[in-house]
1. Tell me which of ALA39, PHE54, VAL66 sits at the most positive position along the dipole axis of the chain, charges placed on C-beta atoms (Lys, Arg +1; Asp, Glu -1).
2. Just the number, please: carbon plus sulfur as a percent of the accessible area of the chain, 1.4 Å probe, no ligands or DNA/RNA counted.
3. Using only Cα atoms, tell me the angle between helix 70-105 and the longest principal axis of the chain; keep it within 0 to 90° and round to the nearest 10.
4. May I ask you to evaluate 6.51 cos²θ - 1.76 cosθ + 1.60, the Karplus curve with θ = phi - 60°, for each residue of segment 34-45 and list the ³J(HN,Hα) values in order in whole Hz, giving x for glycine and proline?
5. If R₀ is 35 angstrom, what is the calculated FRET efficiency for the pair LYS68 and LEU28, using the beta carbon separation as r and rounding to 0.05?
6. Can you compute the label reach from ARG7? Point 7 Å from Cα along the Cβ direction, backbone N cut-off under 19 Å, restricted to segment 64-105.
7. How much length is gained on full extension from THR59 to ASN99, taking 0.36 nm per residue of separation minus their Cα-Cα distance?
8. Rounded to the nearest whole Å², what accessible area per residue is found for segment 1-50 with the 1.4 Å probe?
Amino acid sequence: MSNPLRRRFRIELLAGLKVVWPVFSALLGLMAGLGVLVAALEDWPLADGLYFAFVSGLTIGYGDLVPKAPLARVLAISIGITGILLAGLVAAIGVQALNAALGETRGR
């Protein structure tokens, strides 16, 4: 990508993030909140619960922390679904920004 295209992409990406910021921040907050709940149920430190939530939600899943309690496992599924929604939202914003940047540089 050339510099004007990259600049246009960044501008469009930030514009897209401004539009979906309430949803984006709600998903981040939900993921963090679910991580805090899992940490409380599993007697993990708070940092481990947040780590588990974001590693699991972003589908990295190292497997170093595994919830044992049934409710914590259900919450882990909810974390996974939230992470898929979050990743899909970021991907959609990126695609939209790229389409807008390419369309503008091609004179559409």
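The values are calculated or read from the model by the stated rules, or taken from the named source; none is laboratory data. Fair warning: this is a prediction, and the values are worked out from it, not measured in the lab. Here the Cβ is made from the backbone with ideal geometry for all residues, glycine too, and neighbour counts use every protein chain on show. Ligands, DNA and RNA are excluded from the accessible area calculation, which covers all protein heavy atoms including side chains. Shrake-Rupley method; radii C 1.70, N 1.55, O 1.52, S 1.80 Å.
1. Looking along the dipole axis, the top candidate is PHE54.
2. 68
3. Tilt relative to the chain: about 10 degrees.
4. Those phi angles translate into 5, x, 5, 5, 4, 4, 5, 5, 9, 6, 9, x Hz.
5. 0.85
6. Counting only backbone N, you get 97-105.
7. Length gained, THR59 through ASN99: 11.8 nm.
8. 64
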